[in-house]
Ligand code: FAD
């Protein structure tokens, strides 16, 4: 059979390599409109400061290796511009020339596109988004050629904060402008304040509840203040990249995301989709949602390969576990936050304990918030912030949610302990005691 993949990064390449491991006979072609496949989007912000210092490190797997080891036909700089499902045909554009290819199964992993707001005067100032390696190179060469001193970052989500940290490390004067009343939407306000303070401590200016009324040549005008700035980074979120599917007649759902079932089948036979382009079910509420994260995209790609090779696998939904480092602090969350629980009965506990035994040097506090349903004791979500050990605690609770542990059962978890690593009663165990 002929397997054609559109989009050669997280979901697409996980699909292609897994499919090849399960099936050595089928022909697999991957079309990627950009110049690179299998690059590490998540690593891009760290290249700005030089923390990751070679582009090579961002290229997770090169096309030559993918051909040699996996027998994948990789076509970079090839954009799929149309799908004709009635003939099982696609039209591919390379260097201005169009050609036609046929498929037996078509896999769309076209990702997401950054949202660009409509702001008066935006064209007057240099502005960038960070989505791929060519985009990264544009920012780097702008900085090299113009030696800018002041940058404003619009949108305080994960990518905005990572870029803020990395540009501040370059010595730039960084301002972050956020429309809502808090930074980092996936956590609740009181937890976001730890990170806001950390940004301010590192001389990053944070403006929340602010609209940008106008962009001028050397400044931006907010509701009540005008900020001098040399250039802008726009990171206000993404939308599903679904226009190719839409034009082919594939059914879309909320926010124009591609609708798929738990087997990643779209509304058109033999066309499948994974990754940021699709609507997923929230694991806890079963509501349709957009959760644009790498780990779900990779998992979906792999699962689709399993499904197409006859394995009994179904997608369970996405929990949306996420994490970000901002200077010396790390914040992570899993499941639902209070803003998502407006119509539900829930209880919140807050606790603080050290990442490891206090008598052992360099213990640092972790602030942990756990949200649960009082009647059933179902864990609905958790958020944690601290210098160390935050990833471990949130990952334990994310695992507990999938294992359907009750909140009081967190006290039963037998976690590894010696003084440099934890405490005889870990903060996750303590959460179980407090919730009891
Ligand atoms: P992508 O990996 O974006 O791949 C889609 C590809 O499809 C693109 O390369 C695109 O060029 C190609 N394409 C689209 N249309 C066509 C077409 N018509 N023809 C040919 N090719 C096409 N997630 C995390 O979980 N943790 C992180 O720390 C994290 N950091 C991030 C940092 C940055 C700067 C960015 C941009 C993203 C980050 N993400 C992170 C998100 C993560 O990268 C995405 O969720 C993930 O890559 C989605 O996988 P995907 O396969 O759906 O899309």
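Each value in this text was obtained by applying a stated rule to the coordinates, not by laboratory testing. These figures come from a predicted structure and were not determined experimentally. Positions of Cβ are generated from backbone atoms using ideal geometry, with glycine treated the same way; all protein chains shown enter the neighbour counts.
Size of the stretch 292-436: Rg and Dmax of its alpha carbons, in Å, are 16.7, 54. If you wrap the stretch 113-205 in the convex hull of its Cα atoms and look at it from every side, the mean projected area works out to 6.6 nm². Most simply put, the chain has about 65% antiparallel DSSP beta bridges, counting only bridges with both residues inside it. Working ranking of peptides 241-247, 108-114, 342-348, 48-54 by packing, defined as the average number of other Cβ atoms within 10 Å per residue, highest first, is 108-114, 241-247, 48-54, 342-348. When peptides 216-228, 19-31, 181-193 are sorted by average Cβ neighbour count within 10 Å, with the highest value leading, the order is 181-193, 19-31, 216-228. The value obtained for the chain, namely the Cα convex hull volume divided by the number of residues, is 166 Å³ per residue. Shown is the FRET efficiency for residue 268 and residue 391, computed with R0 = 45 Å from the Cβ-Cβ distance and rounded to the nearest 0.05: 0.65. The spread of Cα positions in the stretch 200-306, taken along each principal axis and listed from longest to shortest, comes to 53, 34, 24 Å. Packing-based ranking of 378-385, 284-291 yields 378-385, 284-291, ordered from highest to lowest mean Cβ neighbour count within 10 Å. Over all directions, the projected convex hull of the C-alpha atoms in the stretch 143-267 averages 10.8 nm² in area. Mean residue ellipticity at 222 nm from the helices of the chain, using -39,500 (n - 2.57) per DSSP H segment of n ≥ 4 over the full residue count, to the nearest 500 deg cm²/dmol? Computed mean residue ellipticity for the chain: -7500 deg cm²/dmol. Roughly what percent of Cα-Cα pairs across the stretch 13-119 reach past 19 Å? That fraction is 56 percent.
You can think of it this way: the chain between residue 100 and residue 223 has 39.1 nm of extra reach, that is 0.36 nm per residue less the Cα-Cα gap.
Each part reduced to its alpha carbon centroid, the stretch 334-359 and the stretch 34-75 end up 37 Å apart. With one equal scatterer per alpha carbon and no solvent term, the Debye-computed log10 I(q)/I(0) for the stretch 263-335 at 0.12 1/Å reads -0.38.
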